[in-house]
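First, the structure itself, so that you have it in front of you.
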């Protein structure tokens, strides 16, 4: 009887906690990740990949930015 009760209890626990996994997390396509120097050496310049700042060699920090803002920033720095 104890085993039947334990089996029933385990079945209820597994049924109550469905495994939806990471597929439930949705990425907002309006945002992306960019990396910037925390010391602001290059006046708000952002990079596509993690690494170190080429000026002060501090680790770049990840930031979530709007894609349209990033594109606008890239366009404005490309003409200089």
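Please list, ordered by first then second residue, the pairs with beta carbon atoms under 8 Å, 6 or more apart or interchain, first in region 55-79 and more than 17 Å from residue 32 (Cα to Cα), second in a strand (DSSP E or B) and modelled with pLDDT of 80 or more.
58/52; 59/52
Now, a different point. Just for region 36-51: of the residues that are loosely packed, with under 13 Cβ neighbours inside 10 Å and out of contact with any strand residue (DSSP E or B) (no Cβ under 6 Å at 6 or more places or on another chain), which one is modelled with the lowest pLDDT? Walk me through how you get there before you give the answer.
From region 36-51, those loosely packed, with under 13 Cβ neighbours inside 10 Å are 38-40, 43-44, 48-51; that's our starting set.
From what is left, the residues that are out of contact with any strand residue (DSSP E or B) (no Cβ under 6 Å at 6 or more places or on another chain) are 39-40, 43-44, 48-49, 51.
On the way: 39: 90, 40: 87, 43: 82, 44: 78, 48: 83, 49: 88, 51: 93.
Among them, the one singled out is 44.
Same structure, new question: Determine if region 19-29 includes at least one residue that is modelled with pLDDT of 85 or more and within 21 Å of the chain's Cα centre (by Cα).
Start the filter on region 19-29 by keeping residues that are modelled with pLDDT of 85 or more, which leaves none.
No, the conditions are met nowhere in region 19-29.
Given the conditions (1) modelled with pLDDT of 85 or more; (2) under 13 Å from the mean Cα position of the chain (by Cα); (3) in a loop (DSSP other than H, G, I, E, B), which single one is not true for residue 57?
Exception for residue 57: condition (2).
The values are calculated or read from the model by the stated rules, or taken from the named source; none is laboratory data. None of these values were measured; they are calculated from a predicted model. With ideal geometry, Cβ positions are generated from the backbone for all residues, glycine too; neighbour counts draw on all protein chains shown.
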